[in-house]
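The values are calculated or read from the model by the stated rules, or taken from the named source; none is laboratory data. These figures come from a predicted structure and were not determined experimentally. Because the Cβ atoms are built from the backbone with ideal geometry, glycine has one as well, and the counts that use them run over all protein chains shown. Side chains are part of the model used for accessible areas, which takes the heavy atoms of the whole protein and leaves out ligands, DNA and RNA. Shrake-Rupley method; radii C 1.70, N 1.55, O 1.52, S 1.80 Å.
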Amino acid sequence: MTAATMKKDEALLLHIRDRDLVAIEVRYHKSCYLRYTKVVTNFVKMSGQDDEQQVYEKSYSSFCKRVVEERIICGKEILRLAKLNKLFIVEVREVEGLDASSHKTGCLKARLKRSHPVLCFTRPFRPADSEIVFVESFAVEELVEGVVQVNSTEAGESNKTVGESQQGGSSSHHLRDVFHAAQIVQNSIANSTNPIRCPPTSEDTTLHKAEEVVPDELYNFLAWTTGASNEPKESGKVKVPDEMHHRLLSIAQDIMRLRAEGRILLPKRTP
């Protein structure tokens, strides 16, 4: 309940607010529960730390209300960290009449992570691109669409698409869609916890364990890519034939192991 309230996850709060979770027999995977409630743990840890004296307090409070809470958390808008820093600099000038042009994006990121742990920061593969910032309760489909919109807006602002042929523009959009979809899958793998601890037990080699450790985004992406499913599903794994289900879990674990450079144990690879 606390995590859902902090994330302003109205879709979930609609079902659990002011209700006895035991009485309504709420069920969840342990890994999913830990991942969803991680925001509460992070908030407690950060609250226990001695915050260093912050500058531009008045401007930061106004910035959080107008931009972070209204646009990102409530409005579910996706913004670049670099753009957020520019907006904060403008806010400081308008609210306090000070020049904050030397303010760094790293300082703003650290401050936002302390005050708003529901925010997610994802860095693109290209080093020149700034991190994107969004609220944690985003569905995969919404995030893909939002990221594509961010890039389309930036392309329009920089006027780089002037003179492109219709075919070239279409190809560019296709590449962007595929690239950012892959980034979302990669981020789901990176955010998954180390599934199996040493020494492994017999339960760590079961099918149920494999289903638990493979992120839904990775599994569904593989299912859609291989044609095993055409069902667009926001949460949970899509339904596929049993034989294909085992193969997809096997391939997904190979990808996870490759991403971790062999430094994690998985049900498929557990001796």
Given the structure, is ASP99 open to solvent by 50 Å² or more (accessible area, probe 1.4 Å), acidic (Asp, Glu) and at pLDDT below 85? no
Return only the number of the condition from (1) of a type outside the set (Gly, Ala, Ser); (2) surrounded by fewer than 20 Cβ atoms within 10 Å (Cβ to Cβ); (3) modelled with pLDDT of 80 or more that THR205 does not satisfy. (3)
Being at pLDDT 80 or above and either exposed (fewer than 15 other Cβ atoms within 10 Å of the Cβ) or out of contact with any Leu (no Cβ under 7 Å at 6 or more places or on another chain) (or both) narrows it down to one residue among GLY169, GLY227; which is it? GLY227
Residue pairs meeting the criteria (Cβ under 7 Å; at least 6 apart or on separate chains; first among the acidic types (Asp, Glu), in the range 202-228; second modelled with pLDDT under 80 and part of a loop (DSSP other than H, G, I, E, B)): ASP204/ILE196; ASP204/THR270; GLU212/HIS29
Across the range 208-224, what is the number of residues that are open to solvent by 70 Å² or more (accessible area, probe 1.4 Å) and under 16 Å from LEU266 (Cβ atoms)? 1
Among the residues of the range 40-59, is any in contact with a strand residue (DSSP E or B) (Cβ under 7 Å, 6 or more places away or on another chain) and either at pLDDT 85 or above or within 28 Å of ASN191 (Cα to Cα) (or both)? no
